[in-house]
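Scroll down for the structure; my scribbles are underneath it.
The values are calculated or read from the model by the stated rules, or taken from the named source; none is laboratory data. Everything numeric in this text was worked out from a predicted model, so none of it was measured. Here Cβ is always computed from backbone atoms with ideal geometry, including for glycine, and neighbour counts include all displayed protein chains. To get the accessible areas, we keep the full protein, side chains included, count just its heavy atoms, and leave off ligands, DNA and RNA. Shrake-Rupley method; radii C 1.70, N 1.55, O 1.52, S 1.80 Å.
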Amino acid sequence: AAMEEGRFDIVLAAAGFLPGPGSQGGAFAEERVIMREPLVWVQVRNSTLNLRQDPLPLVLFAAPCAFRRAAGEALEKAGRAWESVYSSASLASIQAAVQADLGISVFARSSVQPGMKILGPRQGLPALPDSVIALYRRKSAAEPLTSTLAGFITQSVARWQEQPARQRAEA
């Protein structure tokens, strides 16, 4: 809505923010996918949680969130019960809750911190989709500034993704 109202010229968000083809969404903005990254289940390395016992305690971003939706859909498809034991809109807060062993969470691989471990099928957890981040540019935004900024962001993300994971963590 803020982009439609002209309050934002550029937005970075989970892909799929715009409504489907033929809707008004495509009339006011264009979507450009700039990053794909695996989503992973994470837990603090020395956790005492039993991951085979349901309901699975989850630490999640507040709704609506693509990561939250991906976790819920994957667990439901796998027949696993779960409960949200903590939620926040802050990545730092979610990371702290995982480090405090309140539950497990879903992160983009680049958000996994030292002291956390990545989980998967060996721990009884289903596969997750990739995180897809897009840049949205308002079509009626001032040119050439927004085009230049959108190009800079796209190129910067591409260069960052080309770096080895260790270098990205230090950046």
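Annotations for the structure displayed:
- Per-peptide average of other Cβ atoms within 10 Å, ordering 79-86, 104-111, 155-162 highest first: 104-111, 79-86, 155-162
- Residues whose amide H comes within less than 5 Å of that of Met35, counting only those at least five positions distant or on another chain, are Ile133 (H built at 1.01 Å from N in the peptide plane).
- Taking label points 7 Å from Cα along the Cα-to-Cβ direction, Lys139 and Ala96 give a separation of 4.3 nm.
- The calculated FRET efficiency for Arg7 paired with Trp160, based on their beta-carbon distance and R0 = 22 Å, is about 0.20.
- When the solvent-accessible area of the range 71-171 is split by element, carbon and sulfur atoms take up 56 percent of it, the probe being 1.4 Å.
- Each label was represented as a point 7 Å from its Cα along the Cα-to-Cβ direction; for Ile118 and Arg52 these points are 2.4 nm apart.
- Residues whose placed amide H lies under 5 Å from that of Asp130, excluding near-sequence neighbours: Leu39
- At R0 = 41 Å, FRET efficiency that the Cβ-Cβ distance of Thr148 and Glu37 yields, to 0.05: 0.95
- Among 143-149, 9-15, sorting by the average number of other beta carbon atoms lying within 10 angstrom of each residue, highest first, gives 9-15, 143-149.
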